[in-house]
1. Filter the stretch 1-29 for residues that are farther than 24 Å from E41 by Cα and basic (K, R) and give the result.
2. Please pick out the residue among V82, V5 that is more than 12 Å from the chain's Cα centre (by Cα) and touching a residue at least 40 places away in the same chain (Cβ under 8 Å).
3. Would you mind listing the helices (runs of 4 or more DSSP H) fully within the chain where at least 2 residues are surrounded by 17 or more Cβ atoms within 10 Å (Cβ to Cβ), touching a Ser or Thr at 6+ places or on another chain (Cβ under 8 Å) and not β-branched (V, I, T)?
4. Go through (1) modelled with pLDDT under 95; (2) touching a strand residue (DSSP E or B) at 6+ places or on another chain (Cβ under 8 Å); (3) of a type in the set (S, T, Y) and name the single condition Y6 misses.
Amino acid sequence: MELIVYSSAWCHDCREARRFLAKHNIPYTEIDVTTTPGAGEEIFKHTGKRAIPQFVINGEWVQPYRPGEGFLYEAMSKRLGVKVP
């Protein structure tokens, strides 16, 4: 599986997404939208939003959180093949 995470250091939901991935030893490539030219435009091109974090799982764009609700643990666990106790 190839996972790319578009995020930023200042973003709370991004930090939570990275903690989730680290906890489950899921490898990923991170693209920091504040330091990578064109990253924000790339997100908008594929999602129509300027929201982070964004996951790109095997080429498919997935928003791993819901505004006001936070990180989608159950949905991302299923999507990434993580067993939830």
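1. Within the stretch 1-29, R19, K23 meet the criteria.
2. V82
3. Details: elements: 12-23, 39-47, 73-80.
In the chain, 12-23 are the helices (runs of 4 or more DSSP H) which contain 2 or more residues that are surrounded by 17 or more Cβ atoms within 10 Å (Cβ to Cβ), touching a Ser or Thr at 6+ places or on another chain (Cβ under 8 Å) and not β-branched (V, I, T).
4. If we test Y6 against (1) modelled with pLDDT under 95; (2) touching a strand residue (DSSP E or B) at 6+ places or on another chain (Cβ under 8 Å); (3) of a type in the set (S, T, Y), just (1) comes out false.
The values are calculated or read from the model by the stated rules, or taken from the named source; none is laboratory data. If you're wondering where the values come from, they're calculated on a predicted model, not measured in any experiment. As a convention, Cβ positions derive from the backbone with ideal geometry for all residues, glycine included, and neighbour counts pool all protein chains shown.
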